[in-house]
Amino acid sequence: MNTLTVVHDFDLSGYTTFGFAQKAAHYVEVETDDQLADAVQLARDEHWPILPLGEGSNIVLTQDYNGLVIRQTGQRIEYVSLPENATTTDTHSIARTVNDKGTHSQTQANVETPIQTLTNAQTRTQTETKTQSLANAEKRVQSDSELQPDKPTQAMSRRMLVTAAAGVNWHTLVMDTVNKGLVGLENLSLIPGLVGAAPVQNIGAYGVELCDRFVSLKALHIQSGRWQTFTIDDCEFAYRDSLFKRHIGQYIIANVSFELGSHIKLQTGYGALNQYLDTHCVNQAPTAAIVSEAVCAIRRSKLPNPAALPNAGSFFHNPVIPAAQYTALTKEHPDMVGYRQPDGQYKVAAGWLIDHLGYKGYCHEGVGVHEHQALVLVKYAPATGSALLALANTIQTHVLRVFGITLSIEPRLI
Ligand code: FAD
Ligand code: EPU
């Protein structure tokens, strides 16, 4: 068994973006797959429930956690060139080879696969100590605005399999791929959090969801301690949803593989993105780097930086309602914002509903609604998770009464 440093009665206030002052009965950081397996074994032996924690940007702590909080710190990113004619089966099999190798010990983290490994960022695994890695992860949450796409540094193969460890900061992964000239993740720039959490709610923004670029992931089944590989068909991805969210607490994700490259078409159709590019990039054909910059600029103008104003992004899902209900509502509220879905239903902008009820800028007991984006609840002053939940419930009740629509909460509540 690897040596694990378990800290007891651990203060989690700096470990979620809302920053509520709750404690974990036990807390451990793990860098390798073997350490993760050992931590899970320890929790099983001690009958402790497990909470995998990334950057806490989608978790609201309303009470102490009476179990083991596990934080993954591995920083490996691996790039493997795919043959031009690789089939889905080939890609899965190559991803499995990368996964099987894993990071079973710190010293093996740099072992080359038999497959051509073009470049990687795993040197960070060796050069960053655990403490540095944690400090850097925290710095990344606080200073996302400093991360800007560079010019592409290296010509990459047309099709590339990119596998990132759960502990890699999501935006760092996006920038790493964009800087290498790889198309695919640019619309998902600046989403807070770690790679390991990204599949849990199938993160999405500006017309792209994680599942659009996903190949497979490797996860540990907590109850049995067995490693499993999940391909896209296994993950049950949907809007802000997946098997891992529906069966919360059953798996810990250790790494995630994506297929990226110049064969992927840039997605610039999302309203706000399209308008931005039309205004700011008039005589330039968009590239992944340009789209990434545009997405970062739009996000900074709309969403509060959690380091300055604690929040967890959208607090509610955008509800999907039947066409008949949408038609009836738009007769009464012609400016209501909704988007037709492929199945004929409508996804309604929850931000519009909450905004329409006058909540923008509202504040009570330290928590409130962001002044520019009504879907984002914020902590304006010292407050508790319970006060935040009370506000969320007030908004839900009000929206249901006026529009007959039930809003569901996006972040995980503890
Ligand atoms: P955490 O909040 O730490 O955890 C989230 C959930 O995942 C928890 O249930 C946790 O137990 C579980 N989990 C964490 N790691 C693992 C793992 N390795 N294995 C299994 N389960 C795990 N989301 C979007 O989809 N689109 C957006 O545009 C977006 N914008 C945001 C903007 C802001 C300002 C903020 C604060 C949040 C935003 N989010 C957005 C939500 C959030 O960034 C994502 O959900 C992100 O993936 C959460 O990552 P995290 O590391 O912080 O996860
Ligand atoms: N709107 C208002 N008032 C508001 C907020 C929004 O009228 O206060 C209207 C806007 O005018 C716009 C529409 O609602 O027409 C949609 O707003 P926006 O483009 O800001 O997107 P959103 O629906 O509020 C969703 C995601 C975000 C994601 C963006 C961009 C959900 C729950 N939220 O927000 O994801 O970044 O689209 O794709 O799907 C997150 O999940 O945490 C998150 C931030």
Exercise. Rounded if a/c is under 1.5, else prolate if a/b beats b/c, else oblate: with a ≥ b ≥ c from the C-alpha gyration tensor eigenvalues square-rooted, which is the range 321-414?
Worked result: prolate
Problem set entry | Ranked list, fewest to most other Cβ atoms within 10 Å of each Cβ, for 180, 347 | 347, 180
For this session: Within 10 Å, count the other beta carbons around each residue, average over each peptide in 24-35, 327-338, and list them highest first.
Result: 24-35, 327-338
For this session: Using per-residue counts of other Cβ atoms within 10 Å, averaged over each peptide, order 380-392, 287-299, 65-77 from highest down.
Result: 65-77, 287-299, 380-392
Exercise. Among 301, 262, 242, 314, what is the fewest-to-most ranking by other Cβ atoms within 10 Å?
Worked result: 301, 262, 314, 242
Exercise. Which pairs in the list 218/245; 23/360; 302/360 are over 20 Å apart, alpha-carbon to alpha-carbon?
Worked result: 23/360
Exercise. Suppose every K and R has +1 on its Cβ and every D and E has -1 on its Cβ; what is the size of the dipole of the chain about the Cα centre, in Debye to the nearest 20?
Worked result: 520 debye
Seminar exercise, completed: With the label point 7 Å along the Cα-to-beta-carbon line of residue 274 and a cut-off under 19 Å to each amide N, the hits in the range 338-362 are 338-344, 346-349
Seminar exercise, completed: Going from the fewest other Cβ atoms within 10 Å to the most, one would list 339, 326 as 339, 326
Seminar exercise, completed: Under the rule rounded for a/c under 1.5, else prolate if a/b exceeds b/c, else oblate, using alpha carbon gyration tensor axes a ≥ b ≥ c, the chain is classed as oblate
Exercise. Around residue 72, which amide H atoms from residues at least 5 apart in sequence, or from another chain, sit under 5 Å from its own amide H, with H modelled in the peptide plane?
Worked result: 30, 53
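The numbers here are math on the coordinates, done by the rules we state, and not lab data. All figures in this text were calculated on a predicted structure; none of them were measured in a lab. Neighbour counts run over all protein chains shown; Cβ positions are idealised from the backbone, glycine included.
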